[in-house]
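Here, each number is a calculation from the coordinates, and none is a lab measurement. Quantities reported herein were computed from a predicted structural model and do not represent experimental measurements. Here the Cβ is made from the backbone with ideal geometry for all residues, glycine too, and neighbour counts use every protein chain on show.
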């Protein structure tokens, strides 16, 4: 019997959920993320579905907030994050514009922007795996800008 099956049996045999069960499920979700156990029959987002089920129990219901949030300010922030996800990379594009208009990349670090390209790919992968549109949009735009700056550094250094 696998670790996952032991936890599922432990949680499903009890009639009521306790905080101990919540922490067991939470820790298992963290293990899934850390060890990338995506070969499971439930798919890569299994821990999110477990979290939603845990949210539905009365003992832990106050641990998570519903989406979209009933509070107007929090619902506003949930929506505005899409705008910020587009505006922030556009503001960061000033470096690329400067490199291509002046045709000079002196003083711009290739290591910094090259590393950003790599890290953006990881964030984009994370966004697709967890189906998080704000993360996907933001880091796709950052990826494009960082690639443009990196190419500009190669061309004009």
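Points worth noting:
- Sole exception among (1) assigned to a helix (DSSP H, G or I); (2) more than 14 Å from the chain's Cα centre (by Cα) for residue 107, by number: (1)
- For segment 129-147, the criterion of being in contact (Cβ under 8 Å) with a residue 60 or more places away in the chain and surrounded by fewer than 14 Cβ atoms within 10 Å (Cβ to Cβ) is met by at least one residue.
- Residues of segment 96-116 classified as crowded, with 17+ Cβ neighbours inside 10 Å and without any contact (Cβ under 8 Å) to a residue 40 or more places away in the chain, total: 1
- Residues that are under 18 Å from residue 157 (Cα atoms) and not in a helix (DSSP H, G or I) within segment 63-104 comprise 103, 104, listed in sequence order.
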